[in-house]
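The values are calculated or read from the model by the stated rules, or taken from the named source; none is laboratory data. Bear in mind that the values here come from a model prediction, so they are computed numbers and not experimental data. Note that each Cβ is placed from the backbone with ideal geometry, even for glycine, and that neighbours are counted across all protein chains shown.
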Amino acid sequence: MTAPTQTAPTQTAAAEFEGLVGAATTRLDRVAGTSPGHRPAHLAQLDAVLRAAVQQAKQAEAGSSAVDRDADLWRLREPGYLRGIADHPVDRPSSTLPLLPVVVTWAFLGYAEWAYVTEFASSPAAGPSSFFADWLAQPMWRSPVGLSITIVVTVLVIMHVYRKPAQAQRRADEIDRVVHRLEVDLLPSLTVLRAGLGPVQVEEHTRQAAVELGAAAKLFTSATVKLAESTAVVDRLVAGVERLVTALPELGAQAAKLDEVRRDLDQTARLIGTQLEPLATVVTDVSGAAESAREAVIQSGVVLERADAQLADARSVAERHERHREALAAAQQPFTAVADVVAGAAGSLDRTSALLEKTIDELRATVDGVNWLAMVSDGLRHPDERHDPGTAA
């Protein structure tokens, strides 16, 4: 006879539920790098919900009436319920940080170009070399080598800054996958536990209907309040329309008055346009007179310049005449000494003196004419008036 085979005892739904929750919690602590006493807020909330669900699962398997069809345990069957608890925001790095190498590159190029222009502007005699040749000849911190080192360091800094948010995002994705897998694994156990509930009684239907009726009553009350507010708004709108209808005759009268004002304004504008025509003529005449005065001033300036030139010539002639008189006076002294000897020469000298006096008179007439021209240019006399040298003297 063969010995009867022993079958392993089957695991209950509550025990399977507890085992799945424990394994998932341990895995979550390993993925997140936490411990039961040092969990972040979202994982601590998830652990509290799962522990309460384990207790309700044991009560439901024992047939306790404390776990009915509205218990929180059955919410774990809803897709995404646990994933919503485990979801949390992850820190994001600055979106403008990758543009830092571009800014550094253009800053280096701008400084190198400025140094190149400054150097060759200060020494234009030297022949300008190529920009890149001059840039390569600069010290290391100003050369392309310095730019390359700076870009490499900047990229390393950006990678270091992005490393922590990337790790946090990978950790959040792994936690989401673990919780999603837990939802799927718990579904069979929850189905078995819910199937163990008794049939729905009339009291249960009544209680559920009462709950739904209470919720509907709250919604109806809220709708009634909103309807009352809408009615008040409609009443205010009706009152506003009535006031508008009452004010329509007054608005018509105001419109008629505005039309009359508009006509008065048009008439006033036409009168102003008519009155402006003589003013425009006066402005035109004044502009012509101003132009004539300007031309007269220009001609007076020309006359003054000519008079000044003639006056300078007259002064030069007068100076030369005075020097001639002095020379004649000096020359007369020898002749007076021998006046008795040369009597005939005295007559000649008398004639010469008379001629000189005549010349002096002519010079004086010339000076008087010049003075008269100066007076005319100054506007003291009319240019058409006859000049008499004798009266001027």
TODO: Name the single residue, out of those in the range 105-118 being loosely packed, with under 14 Cβ neighbours inside 10 Å and either of a type outside the set (S, T, N, Q) or touching a helix residue (DSSP H, G or I) at 6+ places or on another chain (Cβ under 9 Å) (or both), that is modelled with the lowest pLDDT.
DONE: V117
- [ ] Within the range 195-205, identify whether any single residue is out of contact with any Gly (no Cβ under 6 Å at 6 or more places or on another chain) and at pLDDT 75 or above, and answer yes or no.
- [x] yes
- [ ] Check M159 against each of (1) under 26 Å from A115 (Cβ atoms); (2) at pLDDT 90 or above and name the one condition it does not meet.
- [x] (1)
Task: Test: V104 is in contact with a Ser or Thr (Cβ under 6 Å, 6 or more places away or on another chain) and not hydroxyl-bearing (S, T, Y) - done: yes
- [ ] Look through R75, R30 and report the one residue that is exposed (fewer than 14 other Cβ atoms within 10 Å of the Cβ) and touching a helix residue (DSSP H, G or I) at 6+ places or on another chain (Cβ under 7 Å).
- [x] R75
TODO: Considering each of I158, I175 in turn, give the residue that is among the β-branched types (V, I, T), in contact with a helix residue (DSSP H, G or I) (Cβ under 8 Å, 6 or more places away or on another chain), part of a helix (DSSP H, G or I) and closer than 30 Å to L20 by Cβ.
DONE: I175
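Listed here are the residues, each with its yes/no results for (1) in contact with a helix residue (DSSP H, G or I) (Cβ under 7 Å, 6 or more places away or on another chain); (2) surrounded by 16 or more Cβ atoms within 10 Å (Cβ to Cβ); (3) over 30 Å from P144 (Cβ atoms); (4) at pLDDT 90 or above.
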| site | (1), (2), (3), (4) |
| --- | --- |
| T26 | no, no, yes, yes |
| Q56 | yes, yes, yes, no |
| G63 | no, no, yes, no |
| V103 | no, no, no, yes |
